[in-house]
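The values are calculated or read from the model by the stated rules, or taken from the named source; none is laboratory data. For clarity, every value in this text was computed on a predicted model and none was experimentally measured. All Cβ positions, even for glycine, are placed from backbone atoms using ideal geometry, and neighbour counts span all protein chains on display. These accessible areas exclude ligands, DNA and RNA; they are computed on the full protein's heavy atoms, side chains included. Shrake-Rupley method; radii C 1.70, N 1.55, O 1.52, S 1.80 Å.
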Amino acid sequence: MGDRKRVKAMDRSTPQAGHRMGLTENTPAALLTLNSLDVRSNSAVSVEDTEVGLVGSDQNVAVLAPSKSRVLSGFEGESSAAGGSTLLLGPMNATNLNALRDLLPWLRPRPLGTRTSAGFGDRLGLATPGHVMALRAAGGGLAPIFAQQSIREMERTGRSPKEVLDEATWGVFAEGWQEGFGADADHLKTAEDIDTCVAAGYGFFTFDPGEYVDDGAEASGASALRTALEDLPWQDLEVLPADLKRRYLDRAFEADGHEIRFDNLSLARAAVKYGAAVARVVRLYRHLQAAMGERDFEVEVSVDETESPTTHAQHIYIATELRRLGVRWVSLAPRYVGRFEKGVDYMGDVAGFEEDIEVHAAIARTVSPNGPYKLSLHSGSDKFSIYPAFVRQTRGLAHLKTAGTSYLEALRTVAALDPDLFREIYDFSRGRYEEDRSSYHVSASLERAVKREDVPNEELSALLERFDEREILHVTFGSVLKEARFRDRLLGLLREHPDHYAADLEKHFLRHLEPFANGGSR
Ligand SMILES: [Zn+2]
């Protein structure tokens with residue numbers, strides 16, 4: 001791993017560590033205590049005449065710079081000077097993170113464009129080092145999004161957008177990931193959400209107009225659709241109903257060998273189902289544009305959390321309308337065919353999924369006049385059976401979005417290190433499941449899931465491989481983390497055993513990332 005770094009690492013295993021940090025033989029004895037500093041080797045970097053790293057079990061930031069250096073003034077902590085150099089040790093707080101961002105530009109989120117990418121939602125704020133390790137092990141070619149959380153999940157875990165971004169950034173620093181990363185403000189629904197995430201420093205914004213998608217349109221007949229069509233927000237759509245027909249009927253949309261046509265009914269259905277959602281996205285987009293000003297940003301549009309699959313014609317309608325209204329996006333998450341339940345594999349016919357996504361991918365590649373965009377796979381955790389088809393058909397124009405599976409890996413670590421805590425969490429999760437499941441797509445049943453008394457300690461982690469138990473544990477994370485008795489012990493354990501948690505994450509995520517590495521077969 002060390003060879004991936006572009007800058008010199010401080011190696012805590014060599015007796016020359018103090019020397020490498022810039023100290024010479026003439027340095028007074030007081031500063032030679034640096035030798036005993038336990039520098040986390042992947043975090044250590046030098047930029048010009050400044051060296052920084054994370055040290056100690058309580059994870060202080062160490063900064064060593066010439067005493068006259070202006071860099072030092074950005075940090076806070078205890079400093080000692082000798083031989084013209086100053087060593088500062090400070091806490092992992094917001095001030096020191098901002099100073100690090102000024103010094104190390106790769107700690108700021110950046111746009112990722114249409115590179116094959118993976119999003120790693122992390123509900124605990126401790127998973128990024130394991131994500132980085134998996135990414136390195138997968139062999140490259142993947143652009144990561146390390147900070148990614150929906151407003152709903154932030155509310156459930158009691159974390160602010162800024163905390164989510166800062167915690168992921170500390171992980172990036174700790175592991176010395178210098179290849180860049182994105183920060184996804186996920187499933188944004190309101191202008192206020194946008195403002196909070198802009199202020200926190202996010203650069204990637206996922207709009208979720210799901211509440212404006214009219215799923216009922218799929219079952220509506222011609223006359224009901226006609227009425228609903230009149231009620232669309234035509235003013236916001238900046239077009240007349242008659243224009244709609246002129247632009248979509250009596251023509252074929254070519255998508256890389258696939259021809260898609262609208263008739264009166266399918267056009268009315270597309271417009272009724274997604275028209276208000278398009279208007280909503282435009283509104284959010286313009287709000288974001290104004291809020292970002294000159295700053296770069298990227299947008300994803302997602303309608304994945306709706307009932308009925310997005311047809312190919314509906315995909316064309318959404319893309320064409322958004323484009324006409326000036327929206328630029330880097331990825332789109334249609335509602336695909338089949339079932340995407342949280343934290344478990346795809347439920348449906350894999351061949352059918354591939355046929356369906358083949359055309360979605362062709363549309364994303366070719367229909368838009370402003371260049372291709374990625375297809376985004378939401379609820380992407382653990383969908384092992386469809387990754388190959390997804391990567392193959394998108395030809396690597398793909399974004400994989402995962403979130404809850406990192407929490408489940410934390411529970412795997414807990415099962416190994418503190419079986420009693422795992423048992424308590426499982427029992428509590430069973431009790432919360434019926435209520436907590438309501439906002440998620442899951443079908444686990446309490447009747448099918450084992451009771452905690454039935455499982456010997458050494459088989460606890462096997463519960464994470466069982467469908468019902470896995471979903472029950474997955475959707476109840478918010479309730480678990482709201483209980484201080486669980487939260488404190490869980491976080492304490494993971495902080496005490498960061499390598500164990502990182503190894504569990506690396507192993508699990510390697511299975512996610514390998515099919516995507518280097519754009520699949522591209
Ligand atoms: Zn989603």
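Figures for the structure shown
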item	result
Using distinct alpha-carbon pairs, which all enter the 1/r mean, Kirkwood radius of region 81-135 in Å	14.5 Å
Fraction in percent of alpha-carbon pairs per bin - 5 Å, region 273-407	2, 10, 20, 23, 19, 13, 9, 3, 1, 0
Placed amide H near Phe204: partners under 5 Å, 5+ positions off or other chain	Ala183, Ala185, Glu298
Unit charges on C-beta of K, R, D, E only; dipole of the chain, Debye	1280 debye
Computed over the chain, the ratio Rg/Rh where both radii use C-alpha atoms and Rh is Kirkwood	1.02
Portion, in percent, of the accessible area of the chain that falls on carbon or sulfur, probe 1.4 Å	48 percent
Phi-based couplings in Hz for region 450-456 (Karplus 6.51, -1.76, 1.60; Gly and Pro marked x)	5, 8, 5, 5, 7, 10, x
Lys342 long-range amide H proximity, modeled H, under 5 Å	His441
Over the chain: helical MRE at 222 nm, DSSP H runs n ≥ 4 each giving -39500 (n - 2.57), nearest 500	-13000 deg cm²/dmol
Whole-angstrom Cα spans of region 53-93 along principal axes, big to small	28, 19, 14
Helical segments meeting 27 Å axial Cα length and Kyte-Doolittle 0.0 threshold in the chain (DSSP H)	264-292
For Ala44, distant residues with modelled amide H under 5 Å away	Met10, Leu54
Computed over region 239-313, Kirkwood Rh from alpha-carbon pairs, angstrom	14.8 Å
Evaluated over region 387-440, the Cα radius of gyration and Dmax, each in Å	16.6, 46
Ellipsoid equivalent to region 348-458 - semi-axes via the Cα gyration tensor, in Å	38, 15, 13
Percent RCO, i.e. relative contact order, over the chain, from Cα pairs under 8 Å lying at least 6 residues apart	15 percent
Extension reserve of the Asp231-Asn518 stretch, reckoned as 0.36 nm per residue once the Cα distance is removed	98.7 nm
D (Stokes-Einstein, µm²/s), Kirkwood Cα radius, region 284-353, 0.692 mPa s at 37 °C	232 µm²/s
Ellipsoid equivalent to region 364-411 - semi-axes via the Cα gyration tensor, in Å	27, 12, 6
Protection proxy ranking, peptides 108-119, 492-503, average beta carbon neighbours within 10 Å, highest first	108-119, 492-503
Counting all C-alpha pairs of region 383-522, share separated by more than 28 Å (%)	25 percent
Per residue, the convex hull volume that the Cα atoms of region 183-313 enclose (Å³)	131 Å³
Heavy-atom accessible area per residue - region 217-341, 1.4 Å, Å²	45 Å²
Cα convex hull of region 148-202, projected area averaged across orientations, nm²	3.7 nm²
Mean Cβ neighbour count within 10 Å, used as a protection proxy, ranking 466-473, 337-344 highest first	466-473, 337-344
Theoretical FRET efficiency, 1/(1+(r/R0)^6), r = Cβ-Cβ of Ala503 and Ala222, R0 56 Å, to 0.05	0.45
